[in-house]
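The values are calculated or read from the model by the stated rules, or taken from the named source; none is laboratory data. Predicted model only: the values in this text are computed from it and were never measured. Cβ sites come from the backbone with ideal geometry, for glycine too, and all protein chains shown count toward neighbours. For the accessible areas, the whole protein counts, side chains as well, though only heavy atoms, and no ligand, DNA or RNA atoms are used. Shrake-Rupley method; radii C 1.70, N 1.55, O 1.52, S 1.80 Å.
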Amino acid sequence: MGGAALLVVCALVAVWVFGGDDEPAGPPDARARQYQDVDACLLTGEDGIAAGTPAAAVWQGMEAASGDTRARVTHVPVMGEQTAANALPHLNGLIQRDCEVVLAAGKAQTETVRKAAAGHPHVRFVVVGTGPGPGDAEAGNLTVVAPGGEVPDEVADAVRRAVKAVQ
């Protein structure tokens with residue numbers, strides 16, 4: 001009988017500590033952003049979106065576009081050797097995660113996206129680079145943003161157009 005009483009006391013203490021809150025849940029935080037079911041994903045170098053990296057300005061543009069479109073934005077760094085071959089599995093992971101818009105910053109990342117874009121017509125791609133690259137002619141779903149001081153604004157515009165196209 002003593003064991004049963006101890007069990008009841010432990011159960012009551014557990015309810016008191018971990019639950020039993022009589023206050024009803026309040027309304028959701030009005031400041032919480034309500035995202036659409038659209039993901040824009042950035043493929044970066046090992047340093048990610050740190051200041052001074054090629055991806056920093058791209059990320060700034062993505063965040064601006066997210067504020068307007070309510071698209072979720074994320075970034076994934078390519079770890080290890082910075083080659084197109086090593087970037088490919090990371091790109092494939094973004095596509096498998098159903099990123100509707102995929103962006104790339106960095107030589108290896110951009111090269112990989114340019115080669116793969118035509119094979120994924122349902123995804124919109126944005127790369128920062130110059131001139132036409134391999135596969136660009138076949139890919140009607142690829143936007144190339146020229147490097148320079150206007151990258152954040154041009155990326156934001158490209159993401160806005162891409163989000164609108166996939167909705």
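With respect to residue 165, determine if the residue is assigned to a helix (DSSP H, G or I), at pLDDT 90 or above, open to solvent by 10 Å² or more (accessible area, probe 1.4 Å) and aliphatic (A, V, I, L, M). Reasoning before the result, please.
Working: assigned to a helix (DSSP H, G or I): yes; at pLDDT 90 or above: no; open to solvent by 10 Å² or more (accessible area, probe 1.4 Å): yes; aliphatic (A, V, I, L, M): yes.
Spelling it out, it is not the case that residue 165 is assigned to a helix (DSSP H, G or I), at pLDDT 90 or above, open to solvent by 10 Å² or more (accessible area, probe 1.4 Å) and aliphatic (A, V, I, L, M).
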Practice task
Could you tell me whether any residue of segment 119-129 is in contact with a Phe, Trp or Tyr (Cβ under 6 Å, 6 or more places away or on another chain), closer than 19 Å to residue 157 by Cβ and open to solvent by less than 40 Å² (accessible area, probe 1.4 Å)?
Solution key: no
Exercise for the section: Might you check whether a residue that is of a type in the set (Asp, Glu), more than 15 Å from the chain's Cα centre (by Cα) and crowded, with 21+ Cβ neighbours inside 10 Å occurs anywhere in segment 102-118? Expected result: yes
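I'm trying to understand the selection: among the residues of segment 50-82, which are more than 13 Å from the chain's Cα centre (by Cα) and touching a residue at least 40 places away in the same chain (Cβ under 8 Å)?
Of segment 50-82, the ones more than 13 Å from the chain's Cα centre (by Cα) are 50-54, 56-57, 64, 67-69, 78-82.
Once the filter is applied, which keeps residues that are more than 13 Å from the chain's Cα centre (by Cα) and touching a residue at least 40 places away in the same chain (Cβ under 8 Å), segment 50-82 yields 53, 54, 57, 64, 68, 69.
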Exercise for the section: Look through segment 83-101, keep the residues that are open to solvent by less than 20 Å² (accessible area, probe 1.4 Å) and touching a residue at least 60 places away in the same chain (Cβ under 8 Å), and return whichever of them is nearest to residue 152 (Cα to Cα). Expected result: 101
Exercise for the section: Considering each of 80, 140 in turn, give the residue that is surrounded by fewer than 12 Cβ atoms within 10 Å (Cβ to Cβ), in contact with a helix residue (DSSP H, G or I) (Cβ under 7 Å, 6 or more places away or on another chain) and small (Gly, Ala, Ser). Expected result: 80
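Condition (residue is touching a Lys or Arg at 6+ places or on another chain (Cβ under 8 Å) and open to solvent by 30 Å² or more (accessible area, probe 1.4 Å)) applied to segment 46-65: is it met by at least one residue? Spell out how you get there, then give the answer.
The first filter runs over segment 46-65 and keeps only residues touching a Lys or Arg at 6+ places or on another chain (Cβ under 8 Å), leaving 65.
Checking which are open to solvent by 30 Å² or more (accessible area, probe 1.4 Å) leaves us with none.
No: segment 46-65 contains no residue that is touching a Lys or Arg at 6+ places or on another chain (Cβ under 8 Å) and open to solvent by 30 Å² or more (accessible area, probe 1.4 Å).
Right, residue 71: open to solvent by less than 50 Å² (accessible area, probe 1.4 Å) and farther than 15 Å from residue 104 by Cβ or not?
Values: open to solvent by less than 50 Å² (accessible area, probe 1.4 Å): yes; farther than 15 Å from residue 104 by Cβ: yes.
Yes: the conditions hold for residue 71.
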Practice task
From (1) over 13 Å from the mean Cα position of the chain (by Cα); (2) modelled with pLDDT of 95 or more, pick out the condition that doesn't hold for residue 137.
Solution key: (2)
